[in-house]
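Readers should treat all values here as calculations from the given coordinates under stated rules, not as data from a laboratory. Predicted model, so just to flag it, every value in this text is computed and none were measured. Heads up, the Cβs are rebuilt from the backbone with ideal geometry, glycines too, and the neighbour counts pull from every protein chain shown.
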Amino acid sequence: MSAHHSDDPAGAPAAPAASVEGATVRYRTVVALDGVDAEFHPGVTALLGPNGAGKTTLLSLLSTARRPDSGTVRVLGEPARGRAATLRVRERIGMLPQSFGHHPRFTVREFVEYAAWLRKVPARDRRQRTQEALRLVDLERQADQRMGALSGGMLRRAGIAQAMVNRPALVLLDEPTVGLDPAQRVGFRTLVKDLGERTSVVMSTHLAEDVAQIGTRVHVLLDGRMRFTGTAAELCDRAPGRAAGAPVDGPSLEAGYLALVQQDGARV
Ligand SMILES: Nc1ncnc2c1ncn2[C@@H]1O[C@H](COP(=O)(O)OP(=O)(O)OP(=O)(O)O)[C@@H](O)[C@H]1O
């Protein structure tokens, strides 16, 4: 047990894995993020918002791929500024982009080993770390299959394996459940929940059901603004007519989320 005092409703430790403060990002005339404040702690934090809300942009700040036009970003105890700090941080992050490139003729093992090399996992550890990552996502039996032959669900698992191969302290998953069928989505949520037991995971999604099943903490982004920060239960409590202490489930969370959206007049 940490002796540090914590104000976080979900009991997270005081030092976040990552945080942004007053982060603003513009693409020409579009304000993708408008003065966003957020903290990301161990466990799974869901980033919920409709298409175009700014989720991918926020993840790109956390991955150090982009810098804000104004505001600050801290990742794993470092300000995400300057080449040396950025490179150091990148080696300790795992990332699953919305669509990730892979050579169809690479085997699953080659794909994950390649990611290990990119993240500077020492040569002597690469085999074993690859094996460990494949075991984590239950793809050991498919290790010698070609990437081009995988189903959508398996491809996502391979994507997670490459994100975990450097034993990251922060894992960023951009809409990982998109394109999965309902059964795959259920399996995938269990996997993400498990990852949250060992590290800090930030997962963007536009599905309230994902958050109800996995997310302990939730940030809701609407039109580039952070509109809600709290637990999944607190978001459910925003649903009109909800009984106090009712269980967290997809429909209540959806209703709580829609109440926020309507209040905001945002596009969904
Ligand atoms: N490279 C870019 N150039 C111009 N505008 C961009 C660029 N990337 C994003 N935008 C705009 O910034 C806003 C936020 O986009 P972002 O991709 O961060 O949202 P998102 O919540 O991840 O949406 P989605 O779920 O559709 O990926 C949108 O209005 C989008 O059109």
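Some points to look at:
- Cα-centre dipole for the stretch 100-168 with unit charges at Cβ (Lys and Arg positive, Asp and Glu negative), debye to 20: 160 debye
- Between helix 250-264 and the chain: long-axis angle, C-alpha atoms, 0 to 90°, nearest 10: 60 degrees
- Positive-pole candidate from Val248, Ala208, Val220, dipole of the stretch 203-254, charges at beta carbon: Val220
- Percent of beta bridges antiparallel (DSSP, the chain, rounded to nearest 5): 50 percent
- Stretch gain in nm, segment Leu87-Thr190, where the contour uses 0.36 nm per residue and the Cα spacing is subtracted: 34.0 nm
- Computed from label points 7 Å out along Cα-Cβ, the spacing between Asp181 and Ala244 is 4.5 nm.
- Among Ser70, Ser63, the ranking by other beta carbons within 10 Å of each residue's beta carbon, starting with the fewest, stands as Ser70, Ser63.
- In the chain, the longest principal axis of the Cα atoms and the axis of helix 152-164 are about 80 degrees apart.
- Other-chain or far-sequence residues with amide H under 5 Å of Leu173's (modelled H): Leu96, Val202, Met203, Ser204
- Expected 222 nm ellipticity per residue - DSSP helices of 4 or more, -39500 (n - 2.57), all of the chain, to 500: -11000 deg cm²/dmol
- Here r is the Cβ-Cβ distance between Glu197 and Ala15 and R0 is 22 Å; the resulting FRET efficiency, rounded to 0.05, is 0.75.
- Burial ordering of His219, His206, fewest other beta-carbon atoms within 10 Å first: His206, His219
- Once the Cβ-Cβ distance of Trp117 and Arg26 is raised to the sixth power relative to R0 = 41 Å, the FRET efficiency obtained is 0.70.
- Distances between placed amide hydrogens fall under 5 Å for Ala239 paired with Gly256, all partners being 5 or more residues away or on another chain.
- This model, with +1 at the C-beta of Lys and Arg and -1 at the C-beta of Asp and Glu, gives the chain a dipole about its Cα centre of some 1160 debye.
- Rounded to whole Hz, the Karplus (6.51, -1.76, 1.60) HN-Hα couplings of the stretch 208-217, x for glycine and proline: 4, 4, 4, 5, 4, 7, 10, x, 8, 10
- The stretch 133-153 and the stretch 198-248: distance between their alpha carbon centers, rounded to Å: 31 Å
- Take the chain and mark each of the trypsin sites (Lys or Arg not before Pro) that is in a DSSP loop with at most 14 other Cβ atoms within 10 Å; the longest unmarked stretch, sites excluded, is 121-241.
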